[in-house]
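The values are calculated or read from the model by the stated rules, or taken from the named source; none is laboratory data. Just so you know, these numbers come straight off a predicted model, no measurement behind them. Note: ideal-geometry Cβ built from the backbone for every residue, glycine included; neighbour counts use all protein chains shown.
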Amino acid sequence: MSDEITTVDEETKEALKEALRNELREELRRELLGEELEEERSEKDYPWIVFAVDGTEYGVNSKNVLSIEIIGEITPIVDAPPYCPGITNSRGDMIDLLDLRALFGLGDYISAKDADDDRVMMMVIETGDKKRGVIVDEIVSVEYITNFIEGVVSETAGAVTSQYIREVATREKLDSPVLILNPEALNAL
């Protein structure tokens, strides 16, 4: 094995040395400044986006939210399920839309919205390598949520809804419940 290492050319050795120096610099900087790698941070280290759909408040971790935008023109997709009203352009990317009202059995957003309101909001959520626009009624707040209540969803929610709702939390100042979305389950649709 040592014979292989000695046959590495000087340019490769210098590149390896530089990579190691950069890695050590980064590790030292993190230690001195108390910074964590992105993958070391828990989702509870990020603020939550609290939004409303049909009067109920939901939350999604801001780690998964790329942007909050007004939906442009929606292009319908033939034979798509009712909770997928079509695709739209988001900053140059064509993404599919997810209508939570339809998914949760509350009608659909397009027919429920005010006829004079042409400003439909969406949150662009990314899980893994997939982006999806989630249609919401309004953004309520951006805040840290730390009080998560274990077991409430499995005991009280219906089977269909609970697969998309991971848990229940309470907002610290208002003590009101927030249903925490499961972005991985939404991604699987």
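Odds and ends about this structure:
- Hits in segment 89-129 - residues which are under 15 Å from the mean Cα position of the chain (by Cα) and either modelled with pLDDT under 85 or exposed (fewer than 15 other Cβ atoms within 10 Å of the Cβ) (or both): THR127, GLY128, ASP129
- Inter-residue pairs, beta-carbon under 8 Å, first aromatic (Phe, Trp, Tyr) and in segment 107-136, second modelled with pLDDT under 80, 6+ apart: TYR109/VAL120
- Against the test of being surrounded by 14 or more Cβ atoms within 10 Å (Cβ to Cβ) and at pLDDT below 90, the options ILE74, ILE49 yield a single qualifying residue, ILE74.
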